[in-house]
Amino acid sequence: MKVTHVPLRPTKEASASGRQALTPELLAAVGARYSRSNEGLDTILAKIDPENSDKSVDAIFKFVDYGHASIGDLVPVAMFIDGISMWLAYELFRISPTAGGQESSTRYIKLDEAGLLVPEELGIEDGDAWRGRMGAAFSAYREALAFWEQVALDEPERVRIPFGVNEKAAARMRRNFAFDRARYFLPVAVRTNAMLVQSARAWVGVCQHLLSHPLPEAVRCGERIREELGLSAPRLIKHAKKLESMAAGHAAELTNAQRLVGTVGTGAAALDVMLPSGPVDFVTDLAQHDNRYAYLGEGLRRTAVRFAWDGVAFAEIRDLNRHRTGTKYCPLVPVGFYAAQDESSSTTPWQPVGESAGTRANEKLIAGDPAYLYEALLGTQFPFEHTTTADKFLYEAELRTGTGAHYRYANHLRDVLALWYAKFPQTRGLVLEGSAEPE
């Protein structure tokens, strides 16, 4: 695992225009000064000694004691995090709802056993047996990949390649078609890379969460993020520490997951809507909506929506989790396995490998082992719900359907859209379902 803070520097054009470059903490200091004066930027910048940025921060105000924690929101920090498990990448995005970021894509990269993390570093006690189970999962992944590559060649209509696409793009779409359906056998303990950009205050919260976690991989990541954060926000890292309340919260969530084993359904969609007070007119709200980034009326913006599924494969959860609005809830309790079996008329013989992974994870969960998560594969399903507002829900539904969307995202969102249309039939045809661009 490697965590690297990448600072920004001014462009040549900005320097040539006389724009002053500031360290992250100095940028926060200058911004925060606005709340204590109406001097304007030039007057504040005049207090800065460009040869001593730390002294300049304290000349403007005593950084940590100046006011409230929101000052830390003014310190932008980018981190690149190499060699973490897919579970930890999911966790980082889950606890960083304001972050922008990217992660290595299983839709473009072929993975193998060399990318598997070391069981001893993950807190896995039966390391040799675990390696054997993960080896079986990789074997299933390779066999599934070969199967779906052949399907793409034998049944080109299944790939839905748009007319006029050149052969290079068509080959990429065939490859993505196969990767999309084979990836469910990849272990969540395989290495991935993630980068996130967010405020120093948010990174402090990430450190507190990770340093309080029962899994050693999370703690190690928290320690390395804290070290890198010290390069750009040294005054804030004293807050980046284990919190007993956070540790107790992690323990409570594990206990809750144990109680949920065997009580959750397997795949049904649900939609709850709370309309605002006063009249609403969704047809008028959608009248100017000619693309998914276009205007949506205030009635939709004021309508609360909770949409959920009893079981979503972890492969899809990794992306659904990254929609930043509202609140997501995903108790990590395995509820079955998805292996694209509904996409093929032929028998897919690798299904038992995935089902046994979920069974083993639940056994370890019931025993109270927090490392149970590393038994899961990308096809292991978990309950997932998202609470947001109707405008954000419709954006997600439009984004996740269409030619450019992963096929199972599209199925999930179409299921929820069907429930939306049942409640609000007047919006059918106005919601731009299926408008995602080809990839």
Q: With everything on Cα atoms, drop me the angle between helix 390-399 and the longest principal axis of the chain, reported from 0 to 90° to the nearest 10.
A: 60
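Diagonalise the Cα gyration tensor of the stretch 122-266 and give the resulting equivalent ellipsoid semi-axes, square root of 5 times each eigenvalue, largest first, whole Å.
40, 23, 15
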(Q) Run the paramagnetic zone check for residue 244: 7 angstrom along Cα to Cβ, then residues of the stretch 202-225 with backbone nitrogen under 20 Å. (A) 208-215
(Q) If the elastic network links every pair of Cα atoms under 10 Å, which of 161, 95, 124 fluctuates the most in the Gaussian network model of the chain? (A) 161
Q) Helix 216-232 sits at what angle to the longest principal axis of the chain, using alpha carbons and giving 0 to 90 degrees rounded to 10? A) 30
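Length gain on complete extension for the stretch residue 294 to residue 139, per 0.36 nm per residue less the alpha carbon to alpha carbon distance?
Residue separation times 0.36 nm, minus the Cα-Cα distance, leaves 51.3 nm.
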**Q.** Members of 2/242; 328/423; 110/238 lying beyond 32 Å, as alpha-carbon distances in this model show
**A.** 110/238
Q: Among 374, 90, 407, determine the one that fluctuates most according to a GNM of the chain built with springs between C-alpha atoms less than 10 Å apart.
A: 407
(Q) Given the options 184, 166, 212, identify the residue whose Cα lies farthest towards the positive end of the charge dipole of the stretch 152-212 (+1 on Cβ of Lys, Arg; -1 on Cβ of Asp, Glu). (A) 212
Q | Rg followed by Dmax, in Å, when the stretch 118-203 is reduced to its Cα trace | A | 18.4, 54
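Can you show me the helix-derived [θ] at 222 nm for the chain, built from DSSP H runs with n ≥ 4 at -39,500 (n - 2.57) apiece and divided by the number of residues, rounded to the nearest 500.
The helix-only estimate for the chain comes to -13000 deg cm²/dmol at 222 nm.
Kindly state, to the nearest 0.05, the FRET efficiency for residue 55 paired with residue 327, given R0 = 41 Å and r defined as their beta-carbon distance.
0.45
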(Q) Could you tell me the calculated FRET efficiency between residue 253 and residue 107, based on Cβ-Cβ distance and R0 = 45 angstrom, to the nearest 0.05? (A) 0.90
Q: Can you quote the Å³ per residue value for the convex hull of the Cα atoms in the stretch 265-347, rounded to an integer?
A: 158
Q) Where the Cα atoms of the stretch 236-388 are projected onto their three principal axes, how long is each span, largest first, in whole Å? A) 57, 53, 29
Q. Which of 365, 395, 326 sits farthest toward the positive end of the charge dipole of the stretch 264-427, with +1 on the Cβ of Lys and Arg and -1 on the Cβ of Asp and Glu?
A. 326
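Quick check for me: using +1 on Lys/Arg Cβ and -1 on Asp/Glu Cβ, what's the dipole size of the chain about its Cα centre, in debye to the nearest 20?
Dipole size: approximately 660 debye.
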Q: Sticking with the crude label model, points 7 Å out along Cα→Cβ, report the distance from residue 16 to residue 128 in nm, one decimal please.
A: 6.6
Q: Calculate, for residue 287 and residue 163, the FRET efficiency according to 1/(1 + (r/R0)^6) with r their C-beta to C-beta distance and R0 35 Å; round to the nearest 0.05.
A: 0.65
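Report relative contact order for the chain in percent, whole number only (criteria: Cα-Cα under 8 Å, sequence separation at least 6).
Normalised by residue count, the contact order of the chain is 17 percent.
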Q. Out of 325, 347, 98, any idea which swings most in a Gaussian network model of the chain, alpha carbons joined below 10 Å?
A. 347
Q: Report, in degrees rounded to the nearest 10, the 0 to 90 angle that the Cα long axis of helix 351-366 makes with the longest principal axis of the chain.
A: 50
Q.
No solvent, one uniform scatterer per C-alpha: report log10 I(q)/I(0) for the stretch 313-439 via the Debye equation at q = 0.15, 0.18, 0.23 1/Å, two decimals.
A. -0.81, -1.04, -1.31
Q) Considering the chain, what Rg and Dmax in Å follow from its alpha-carbon atoms? A) 24.2, 73
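Read-outs: derived from the displayed coordinates by stated rules, not from any lab. Since this is a predicted model, take the numbers as computed values, not measurements. Neighbour counts run over all protein chains shown; Cβ positions are idealised from the backbone, glycine included.
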